[in-house]
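Report on the following structure.
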Amino acid sequence: MKFFVDTADVAAISELNDLGMVDGVTTNPSLILKSGRDILEVTREICGLVSGPVSAEVVATEADAMIAEGRKLAEIAENIAVKVPLTWAGLKACKALSDEGRMVNVTLCFSANQALLAAKAGATFISPFIGRLDDINVDGLDLIADIRQIYDNYGFETQILAASIRTVNHISDCAKIGADVVTAPPAVFKAMANHPLTDAGLAQFMKDWAKTGQSIL
Ligand code: E4P
């Protein structure tokens, strides 16, 4: 499973990238706001750091304007994936941009039918939002499993990019279901390393080591 980092925070991306954890990056208008940076400038900087797909989202709501914005964003670097919302206009933009050979990430997906439409429109990635479904008491993981089954039934090549990840369990559950990619905030990836038994075991080892009076270096 590929790991994309869901942030426009260059320092956080860089830290994970140095560990070889970053296969790509996703951003959205809210994350650009949070970064306090200019979209073109920060996206260019991220594309310089990461060789995998970097999703940059259009903000127009009409298809022609989305296509124009998508082309401009795609000029930033070869690894840009243009992110469009799962609306009818977004599907039109997805078709046009993917026909031009650009990577397209269709975002704000909340149903299997929406995912089916995105695949038909040539999406490179479909982004089902797990956490936001969980927020309204709908099991977001069920949606990932449904899309996996539908795409496999017909051999669609659109990659399932599980998004709106809130917990480390979301990540392992998505891996079990077979999502192609997971995009999560840096803190969630870092939390994957935590386990209370690791902490307790290490504390005991340190205590016993101190009693030996030895040093390795
Ligand atoms: C995905 O591409 C989105 O940027 C993101 O995962 C949304 O997550 P949120 O629901 O935590 O805002």
Checklist entry - Distance from the Cα centre of segment 138-167 to that of segment 1-80, in angstrom? => result 22 Å
Item to check | Computed label-point distance, nm, for sites Lys207 and Tyr154 using a 7 Å Cα→Cβ extension | outcome: 6.0 nm
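Once you have the Cα-Cα distance between Arg44 and Leu19, take 0.36 nm times their residue separation minus that, and quote the gain in nm to one decimal. Working shown, then result.
Values: separation 25, 0.36 × 25 = 9.00 nm, distance 2.11 nm.
This chain segment gains 6.9 nm when fully extended.
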Item to check | Cα radius of gyration and Dmax for the chain (Å) | outcome: 19.6, 72
Checklist entry - So, in nm, how far is label Glu100 from label Ala175 when the simple model puts each one 7 Å beyond its Cα toward the Cβ? => result 3.7 nm
Checklist outcome for this item: In a Gaussian network model of the chain with springs linking alpha carbons closer than 10 Å, the residue among Ala89, Ala56, Ala163 that fluctuates most is Ala89
Next on the checklist: Strictly over 31 Å apart at the Cα level, which of Lys2/Lys95; Lys2/Lys72; Lys95/Lys190 would you flag in this model?
Outcome noted: Lys95/Lys190
Item to check | Dipole of the chain [Lys/Arg +1, Asp/Glu -1 at C-beta], most positive-end residue of Gln159, Phe3, Gly213 | outcome: Gly213
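What does the C-alpha gyration tensor say about the overall shape of segment 1-112? Classify as rounded when a/c is under 1.5, otherwise prolate if a/b is larger than b/c, or oblate. Display every interim value, and only then the final one.
Details: a/c = 1.75, a/b = 1.62, b/c = 1.07.
Because a/c hits 1.5 or more and a/b exceeds b/c, segment 1-112 counts as prolate.
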Checklist outcome for this item: Straight-line reach check, Lys120, cutoff 15 Å on alpha carbons, 8 or more apart in-chain or any other chain, hits among aspartates and glutamates -> Asp99, Asp152, Glu157
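Values quoted throughout were computed directly from the atomic coordinates according to the rules given, and no laboratory measurement underlies them. Nothing here was measured: the structure is a model prediction, and the numbers come from that model. Every residue, glycine among them, receives a Cβ derived from its backbone with ideal geometry; neighbour counts consider all protein chains shown.
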